[in-house]
Structure formats: C-alpha cells, structure tokens
1. So, in segment 373-395, of the ones that are of a type in the set (Lys, Arg) and either open to solvent by 20 Å² or more (accessible area, probe 1.4 Å) or in contact with a Gly (Cβ under 8 Å, 6 or more places away or on another chain) (or both), which residue ends up farthest from residue 121 (Cα to Cα)?
2. If residue 213 meets every condition in (1) modelled with pLDDT of 90 or more; (2) outside any loop (DSSP other than H, G, I, E, B); (3) aliphatic (A, V, I, L, M) apart from one, which number is that one?
3. Looking at segment 113-125, is at least one residue over 30 Å from residue 380 (Cβ atoms), of a type outside the set (A, V, I, L, M, F, W, C) and modelled with pLDDT of 80 or more?
4. Just to be sure I understand, how many residues within segment 373-394 are in contact with a strand residue (DSSP E or B) (Cβ under 8 Å, 6 or more places away or on another chain) and free of Cβ contacts under 8 Å to residues at least 24 places away in the same chain?
5. Looking at (1) at pLDDT 80 or above; (2) open to solvent by less than 100 Å² (accessible area, probe 1.4 Å); (3) closer than 30 Å to residue 385 by Cα, which one does residue 140 not meet, given that it meets all the others?
6. Suppose we filter segment 197-215 for residues that are in contact (Cβ under 8 Å) with a residue 24 or more places away in the chain and within 24 Å of residue 257 (Cα to Cα); how many remain?
7. Could you please find all residues in segment 216-248 being within 23 Å of residue 261 (Cβ to Cβ), among the hydroxyl-bearing types (Ser, Thr, Tyr) and in contact with a helix residue (DSSP H, G or I) (Cβ under 7 Å, 6 or more places away or on another chain)?
8. Please determine whether any residue of segment 201-212 is surrounded by fewer than 17 Cβ atoms within 10 Å (Cβ to Cβ), of a type in the set (Val, Ile, Thr) and under 22 Å from the mean Cα position of the chain (by Cα).
Amino acid sequence: RYYYWRYQRQTPKMTSNDSSSNNNLSLSIAAGAVAAGLAIASYVTFEARRENDRLRQELDRVNSQIQALTDDECTRQRSSTSRSHAKSHLQIEHWPVVIHPIGTIASPFPQRAGTPRQGLLAPHSRSLLYLSVDIPYEVVDGLQQYSHVWVIFKFHLNAVGKGRDGRARRMLDDCSIGERCSQCGVSTGTAQRSAFPQKIRPPRANGVKVGCLASRSPHRPNDIGLSLAKIENISTEPYVTGSSGKKGRRTVISLLGLDLVDGTPVFDVKPYVPWDNIGVVQNYLTLDSECIATANDAEQSVGTGKIRVPSWVANDDELSEVKWSDQAKNAVREARQTGELGPLYPPLSKKERKKREIAQTKCGFSSADTDDEAIKAISEVVAQDPRSIHEGRGQASNLVFDITFCSLRIGFRVVSNSAGDC
C-alpha cells in the first residue's frame with residue numbers, strides 16, 4: 001500500500017486541457033506533412049515540364065538539321081545525275097548472292113550425252129520435279145491452270161577446267177566469301193568469279209567459235225539455265241527424311257519435254273503465258289521458216305518482223321526417219337512392265353495394255369501412233385542425232401552408237417535411205 005500510495009502521489013493526472021493540446025499538435029504535424037508533399041509534387045511537376053520543353057526544342061533542332069542535309073543531298077544529286085549515271089553502271093559490285101534450290105529433277109537422262117539439245121524436240125520425254133520438303137503444297141496452288149512452265153536451273157555437271165581455269169576454280173572453292181546476312185542470305189564479302197570460257201564451239205556450228213553469251217552453252221559466267229516444259233500432272237507423295245526419319249509429304253510436278261540431266265537442281269518455276277510465244281515453234285518440232293531470217297540475209301530482214309538467228313541455228317538437221325527392230329521395242333516394253341523405267345514411266349495396267357492392243361489390231365492405227373511413251377521419247381532423242389561432231393553427226397556410218405535412257409543402253413546406227421538422206 002505504501003508504494004501504491006506513493007506512486008499515486010508522484011504520477012500527475014492528465015487533464016482535459018492536456019488532451020486537447022496533444023490533438024492540436026498531431027493535426028499540425030499532419031498538415032505540415034501534407035503541405036510538404038504538395039510542395040515536392042509541384043516542384044517535380046515543374047522540373048518535368050521544363051525537361052520536356054527542353055527535349056522538344058532539341059528534337060526540333062535535330063529535325064531541322066536533318067531536313068537541311070536532305071535538301072543539300074537532293075540538290076547535289078540533281079546537279080550530278082548526268083555525270084554519275086554512266087559511271088555508276090561501270091562500277092558493278094560483285095556480291096555473291098546465295099540462292100537455294102527448291103527441288104531436284106528426276107529425268108531419263110543420267111548423262112549429258114544423249115540429252116536433247118532442246119526439250120520440246122523430245123515432247124514425250126517425262127521428268128519429275130521433286131520439291132523440297134520445306135516447300136509447302138500451297139506454293140503450286142493454281143499452277144495446274146497453266147499448260148507450260150519455265151524451269152530455272154543450275155548446270156551442276158559443268159566440269160572443272162584444266163590449267164589456268166582449273167586453278168581459278170579451285171581458288172574460288174577455297175576462298176571465303178565472308179559473312180552472310182541471317183535475314184536475306186546475301187554474302188557481305190567478295191569473292192573471285194569462277195572461271196568460264198570466253199568463246200565456245202557450239203556442237204552444230206561446224207567448229208565455228210562464238211562468245212559464250214551468244215550461245216546456249218552450259219559454260220557461262222553464271223551456271224544458270226532456262227528451259228520450257230509442259231505440265232502433265234501435279235501431286236503429292238509421302239516422304240521420309242533420311243537423318244531424322246520424320247515422315248511428311250512433298251510435291252511432285254510431272255513435266256514433259258524437258259532437256260535436263262537427272263539430278264539437276266531447280267531454283268524456280270514460272271508459268272508460261274501467251275506473250276512469251278513469238279510464233280516460231282509450231283507443233284513442237286516444225287519450224288516456221290517464213291518467220292526466221294539467217295545472218296546471211298540480215299539486211300533484207302530489217303523491218304520485216306522476222307526473227308534473226310545464225311545460219312547454223314536455223315539449220316534443221318533432224319534425221320528423216322527412226323526405225324525400230326521388233327526385238328528392241330519388246331525389250332523397252334518389258335523393261336517398263338518390270339519397273340526398270342519407273343518412276344518416270346511406271347508399268348501399264350492390264351486395262352491400258354489391252355486398250356493399246358485393240359487399237360493396234362482392230363482400229364487400224366499405225367504402230368507409231370500407239371507406241372509406248374518411252375519408245376516415242378527415245379525415237380525423238382535419236383532423231384536429233386545425239387552424236388558429236390567427232391563421231392560424225394549428220395553423216396551415215398556403219399558403227400553402232402549408244403545413249404543411256406533411264407537404266408537402258410540404247411544402241412543405234414545412222415544409215416542413208418533411198419533418197420540419200422540419213
């Protein structure tokens with residue numbers, strides 16, 4: 001009790017006046033804090049506006065400088081256009097452009113020897129264009145509405161030359177062409193152009209040399225070719241990748257009258273339109289001589305609308321006739337039925353074989369009209385006399401020459417007929 005009484009005496013009691021004083025103090029402190037916050041916010045807002053005005057003035061100044069520089073550059077270019085136009089065409093940048101094939105050709109010509117010199121000279125020769133698995137089927141949607149296409153390809157069997165040309169090609173293969181852009185695929189470095197002959201001897205020019213760009217030789221500054229072919233069919237087939245074993249489907253374009261070697265890489269196909277036709281080729285093989293003027297009558301052909309070509313190009317040296325032995329025809333038919341000519345010439349069904357037999361025996365059709373497509377294609381190739389000049393092209397010979405068609409070796413001999421023609 002003593003301690004409690006003493007504590008009671010020493011501890012002062014809080015009165016109502018003291019409580020009101022404390023409340024006033026708390027309100028004053030809160031009001032001061034609010035006022036300080038408002039002052040700080042006003043200062044920050046003011047500084048932000050001032051910085052924004054400064055940045056806007058700086059941006060206007062930079063835009064004015066850019067516009068002035070652009071006006072000066074345009075004025076300078078307009079004043080020097082006539083002087084620099086011719087010079088710009090002389091300064092060619094040799095940038096190696098990287099392009100990737102979209103597919104590969106499967107054809108009955110495994111070798112260059114025996115391949116038609118022009119595709120439409122052998123309209124029954126069938127080729128298949130296998131598009132890459134990363135090329136979707138949608139890219140050919142609508143292509144079946146066209147009858148013919150241009151095929152852009154690479155001459156992949158060009159042999160490496162000897163001597164100086166060979167060393168230049170090997171140096172090109174060894175050198176680095178620099179880094180490539182990951183987006184466009186264009187090399188940022190430079191490289192030496194591959195070696196190519198300046199002049200060549202076309203096979204039918206009788207030894208005359210012409211510039212490589214004045215011919216259709218595969219040996220050119222860029223190993224790129226262009227051929228016209230007829231669309232037969234467009235389909236898809238299952239495909240399994242070799243490395244991963246992943247299954248998918250790839251697009252197959254069946255073409256007729258294509259003069260490409262088996263395995264040729266293709267860069268692009270473009271539809272053939274009527275405006276590409278110049279009225280020279282009629283029914284594939286017949287040349288309209290009224291529309292062709294040779295180099296000998298070049299002066300007379302001026303203003304006549306005729307197409308002028310060298311005389312050796314206009315020369316039609318097709319063999320007059322191709323005759324088969326019954327044994328050779330039966331061998332080709334048997335090879336097709338056993339699948340040796342597939343997939344270009346797959347085996348015929350029983351119904352199709354029966355239909356052809358009836359046409360040959362009862363309908364009065366000639367044997368040539370109902371021949372197998374493979375036999376017709378071989379006849380068209382042989383009719384162009386695929387021998388070289390050294391083998392006696394255009395001349396009769398008792399020697400037997402041979403060409404390769406799919407997996408067959410075709411032997412032929414060129415003889416003179418009763419009229420003295422081959």
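1. 393
2. Of everything listed in (1) modelled with pLDDT of 90 or more; (2) outside any loop (DSSP other than H, G, I, E, B); (3) aliphatic (A, V, I, L, M), residue 213 misses just condition (1).
3. So far as segment 113-125 goes, no, none of its residues is over 30 Å from residue 380 (Cβ atoms), of a type outside the set (A, V, I, L, M, F, W, C) and modelled with pLDDT of 80 or more.
4. Count: 1.
5. Against the list (1) at pLDDT 80 or above; (2) open to solvent by less than 100 Å² (accessible area, probe 1.4 Å); (3) closer than 30 Å to residue 385 by Cα, residue 140 comes up short only on (3).
6. 4
7. The answer is 227, and nothing else.
8. no
The values are calculated or read from the model by the stated rules, or taken from the named source; none is laboratory data. Note that the structure is a prediction, hence the values are computed from the model and not measured. Note that we place each Cβ from the backbone using ideal geometry, even for glycine, and neighbour counts take in every protein chain shown. Only protein heavy atoms, including side chains, enter the accessible area calculation; ligands, DNA and RNA are left aside. Shrake-Rupley method; radii C 1.70, N 1.55, O 1.52, S 1.80 Å.
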